[in-house]
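The values are calculated or read from the model by the stated rules, or taken from the named source; none is laboratory data. Source: prediction; values computed, not measured. Neighbour counts run over all protein chains shown; Cβ positions are idealised from the backbone, glycine included. Accessible surface areas use protein heavy atoms only, side chains included; no ligands, DNA or RNA. Shrake-Rupley method; radii C 1.70, N 1.55, O 1.52, S 1.80 Å.
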Amino acid sequence: MLETMTHNCIICGQTKEYGIIIISEFICEDCEHEMVQTDVMDAKYSFFIHQMKQILYKKDA
């Protein structure tokens, strides 16, 4: 029997099964898709950048 692993997405905060792990943080498939489709002039682009910075700049580091 295979166990399903779930992770909390660093972008949307939801628990999902599928996505990518960058360094030690998880990004779900939905957010990954939305990020690559977002234009740099879109207001959401800044949000994605802010969330992604959490990967490199840990608050407890």
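What to note about this one:
- DSSP-assigned coil residues among chymotrypsin sites (Phe, Trp or Tyr not before Pro) in segment 1-52, each with at most 13 further Cβ atoms within 10 Å: Tyr18
- Å² of accessible area per residue within the chain, as computed with a 1.4 Å probe and no ligands counted: 82
- Exposed loop sites, defined as trypsin sites (Lys or Arg not before Pro) outside DSSP H, G, I, E and B with at most 16 other Cβ atoms within 10 Å, are absent from the longest region of the chain, namely 1-57.
- The helix-only estimate of mean residue ellipticity at 222 nm for the chain, built from DSSP H runs of length n ≥ 4 each weighted as -39500 (n - 2.57), is -11500 deg cm²/dmol after division by the residue total.
- Cut-off of 10 Å, at most 14 other beta carbons, DSSP loop: longest stretch of the chain lacking such GluC sites (Glu not before Pro): 18-61
- In this structure Ile49 has an accessible area near 70 Å², from a 1.4 Å probe over the protein heavy atoms.
- The distance between label points at Ala43 and Lys16 comes to 2.2 nm (points 7 Å beyond Cα on the Cα→Cβ vector).
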